[in-house]
Amino acid sequence: MKKITLSIAMAAMLMLNLCSCEKDELLFNTDDISVKITEGENWIHDFPLFLGINLKNPPQFAIWIEDTDGNYISTLFATKKIATEGWVSNKGNRRKEALPHWCYQRGIFYDDGLLLPTKEEPLTDGISGATPIAGIELKISPENILDQLVIKVEVNHSTDFNKTYPKNAKPEDSNYSGGEEGSGQPALIYSSLIDLSPGQSEYQLDLIGHSSPDGTDGDIYQDLSGITSAIKIINTIIVKIK
């Protein structure tokens, strides 16, 4: 059995088993590795409500581990909306364009044929929580898994439109991202190979591409020429090894 332990800096220590939605049984306890996301200037985004009133929204994101062959191991953290289908007034839109690379890497289908957790089958509270307003730090302690692993982060705002990804794009268009309340600019993916053997003690996750704009696949698209403000959602993601 693969085992991993996790503590979230802004929460009390937890010790629990994940639900059957996860592919591995994990335990949460202490820390040998920290994963720190430092917010960028566009971490907070204006989400339009009505009559010119905007809601100040932090982004949705997921943090997870893969092996060096790209096989999913387990999720470390996912924000509440994506983890519980907690979108406000989504009118049945499951927001498959929100974090599609993470969803496809997990590879878990739900009753409606989509890969996103549902209200009925959410991710456990141990690995999900409200999006912090100013970044996050996770501390993890891998046991009996791999000497090398890959940590990935995928991040996205709703209604983050620009000229390349406008709100009026049509479902048949290659830049369609879910409509007027969709993503706009697609989710961005950060990644780094982490070597747990003695040696390097600090890694920075690199921006390696974006996800499918409309969430119809789990591929990584390396062309970032149409991405503007979304690049400044995150400033840095630093992994430190004790």
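All of the numbers you see were taken from the coordinates with simple rules; none came from a lab. Treat the numbers as computed from the prediction; the structure is a model and nothing was measured. Neighbour counts are summed over all protein chains in view; Cβ atoms, including those assigned to glycine, are modelled from backbone coordinates with ideal geometry.
Return Phe109, Phe161, Phe47 ranked ascending by Cβ neighbour count within 10 Å, so the fewest neighbours appear first.
The most exposed by this proxy come first: Phe109, Phe47, Phe161.
Return the subset of Lys167/Lys232; Lys80/Lys139; Lys119/Lys139; Lys96/Lys170; Lys96/Lys242; Lys96/Lys152 for which the Cα-Cα distance in this structure is over 25 Å, preserving the input order.
Those over the limit are Lys119/Lys139; Lys96/Lys242.
What do you get for Rg/Rh over the stretch 51-133 if you use C-alpha atoms and the Kirkwood form of Rh? The partial results should precede the final answer.
Working: Rg = 13.5 Å, Rh = 13.6 Å.
Using Cα coordinates only, the ratio equals 0.99.
Treat the count of other C-beta atoms within 10 Å as a stand-in for reagent exposure and order Tyr165, Tyr104 from fewest to most.
Lowest to highest Cβ neighbour count: Tyr104, Tyr165.
Quick one: Debye curve from the C-alpha atoms of the stretch 114-242, no solvent, what's log10 I(q)/I(0) at q = 0.10 Å⁻¹?
Reported log10 I(q)/I(0), two decimals: -0.41.
Order by neighbour count: Trp87, Trp43, fewest other Cβ atoms within 10 Å first, most last.
Values: Trp87 17, Trp43 22.
In order of increasing Cβ crowding within 10 Å: Trp87, Trp43.
Would you please name the trypsin sites (Lys or Arg not before Pro) within the stretch 120-197 that are DSSP coil residues with at most 10 other C-beta atoms within 10 Å of their C-beta?
Hits after loop and neighbour filter: Lys163.
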